[in-house]
Amino acid sequence: MPATNTHPKVQHFPLGQIVATPRAMVAFERNQQQPIAFLHRHATGDWGEVCDEDKQANDHAVDNGKRLLSAYSLSDDTKVWVITERDRSVTTLLLPEEY
């Protein structure tokens, strides 16, 4: 029987206050997907669909207090960004065109 990892991923940094733009919330509702799933991925270091350079920058930023950016696709291919500010006071869910 193959071994399975039953340990949950550990949150790497605080998210602070969580906010979302109205357009991002409409996209989540339209796709019947929950923002919490993407927040969890972001907080545990799964940066989603960012380039390798941005993944490395995020890995470095976790320890050095820089801004963090993750990018994900919803079921209908709508892109959603999750951004945690450098002081970890706020994490925002938004569509890229809203940035």
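Only the coordinates and a few stated rules stand behind these numbers; no lab work does. Worth saying up front: this structure is predicted, and the values here are computed from it rather than measured. Using ideal geometry, Cβ is built from the backbone for each residue, glycine included, and neighbour counts are taken over all protein chains shown.
When you go through SER75, SER70 one by one, which is the residue that is buried (at least 18 other Cβ atoms within 10 Å of the Cβ), in contact (Cβ under 8 Å) with a residue 24 or more places away in the chain and among the small types (Gly, Ala, Ser)? Working first, answer last.
Working: SER75 fails: buried (at least 18 other Cβ atoms within 10 Å of the Cβ).
Being buried (at least 18 other Cβ atoms within 10 Å of the Cβ), in contact (Cβ under 8 Å) with a residue 24 or more places away in the chain and among the small types (Gly, Ala, Ser) holds for just one of SER75, SER70, which is SER70.
Looking at the range 12-47 only, could you name the residues that are surrounded by fewer than 16 Cβ atoms within 10 Å (Cβ to Cβ) and touching a His at 6+ places or on another chain (Cβ under 8 Å)?
Within the range 12-47, just THR44 meets the criteria.
With respect to ASP54, is the statement that it is charged (D, E, K, R), more than 16 Å from LEU94 (Cβ to Cβ) and surrounded by fewer than 16 Cβ atoms within 10 Å (Cβ to Cβ) true?
Values: charged (D, E, K, R): yes; more than 16 Å from LEU94 (Cβ to Cβ): yes; surrounded by fewer than 16 Cβ atoms within 10 Å (Cβ to Cβ): no.
So ASP54 fails the test.
Among the residues of the range 39-85, write down those that are out of contact with any Asp or Glu (no Cβ under 9 Å at 6 or more places or on another chain) and of a type in the set (A, V, I, L, M, F, W, C). If you could, list the steps in order and put the result at the bottom.
Residues of the range 39-85 that are out of contact with any Asp or Glu (no Cβ under 9 Å at 6 or more places or on another chain), as a first pass: 39, 41-44, 46, 48-64, 66, 74-78, 80, 82-85.
LEU39, ALA43, VAL50, CYS51, ALA57, ALA61, VAL62, LEU74, VAL80, VAL82, ILE83, listed by residue number.
Among ASP59, ASP54, ASP46, ASP63, which is the only one that is over 14 Å from the mean Cα position of the chain (by Cα), at negative phi and without any contact (Cβ under 8 Å) to a residue 40 or more places away in the chain?
Values: ASP59 fails: over 14 Å from the mean Cα position of the chain (by Cα); ASP54 fails: over 14 Å from the mean Cα position of the chain (by Cα); ASP46 fails: over 14 Å from the mean Cα position of the chain (by Cα).
The unique qualifying residue is ASP63.
Condition first: touching a helix residue (DSSP H, G or I) at 6+ places or on another chain (Cβ under 6 Å) and among the hydroxyl-bearing types (Ser, Thr, Tyr). Now tell me which residues in the range 60-88 satisfy that.
SER70, TYR72, SER75, THR78
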